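To keep things clear, I will list the structure first and then write my remarks on it.
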Amino acid sequence: MKDMDPIPTLFMWTLITTLGVHHNLTATFGVRIMTDLIQARVWAAAPDIWRGFRILMLKQRPQSFAVLLAELPIEQLKRLLLEHRDQFFEPLKSYAESNRRMIRKPVLEMLGIAVGKAVNK
């Protein structure tokens, strides 16, 4: 993944299709690929790649929540929540409340959660 620059559109399409057919891959393979895509700054890639990442993230709920809250930069997380507020905000907030000790303080603040026991990263 790190060697693919730019990330091919066909790769993203294949990934979404594969994870849609093989649901048992979501918890491990899909989450690992999401982490790699975030490290590759997927939001800075072509619009189709960012759109594919969002589709992947939506299809992998709630497994994608841990990766999004821990790995995605705060500005991209805000953008994602603006684009998918109806599908995402409440479930993501609920997940963050249940796991607040592992969530970055700025993320908790953005979600409107009290930050008494957050990890400061």
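What a 1.4 Å probe finds exposed on the chain is 54% carbon and sulfur by accessible area, rounded to a whole percent. Provide, for the chain, the number of lysine pairs with alpha carbons under 25 Å apart, each pair being eight or more places apart or on different chains. Summing the qualifying lysine pairs gives 14. Computed log10 I(q)/I(0) for segment 1-65 at 0.14, 0.19, 0.27 Å⁻¹: -0.34, -0.64, -1.30, from the Debye equation with unit scatterers placed on every C-alpha and solvent omitted. Averaged over its residues, segment 54-120 has an accessible area of 54 Å² per residue, based on protein heavy atoms and a 1.4 Å probe.
Given an 8 Å cut-off on Cα distances and at least 6 residues of separation, report the relative contact order of the chain as a percent.
Details: 96 pairs, mean separation 23.4, N = 121.
Relative contact order comes out at 19 percent.
Residues in segment 106-112 carry Karplus couplings, in order, of x, 5, 4, 4, 4, 7, x Hz; the curve used is 6.51 cos²θ - 1.76 cosθ + 1.60 with θ = phi - 60°, and Gly or Pro positions show x. With Rg and Dmax of the Cα atoms in Å as the read-out, I listed (i) 14.3, 44; (ii) 31.4, 121; (iii) 20.0, 66; which label goes with the value calculated from this structure? It is the one labelled (i).
The values are calculated or read from the model by the stated rules, or taken from the named source; none is laboratory data. This structure is a prediction, so every number in the text was calculated from the model and none was measured. With ligands, DNA and RNA removed, areas are computed over all heavy atoms of the protein, side chains included. Shrake-Rupley method; radii C 1.70, N 1.55, O 1.52, S 1.80 Å.
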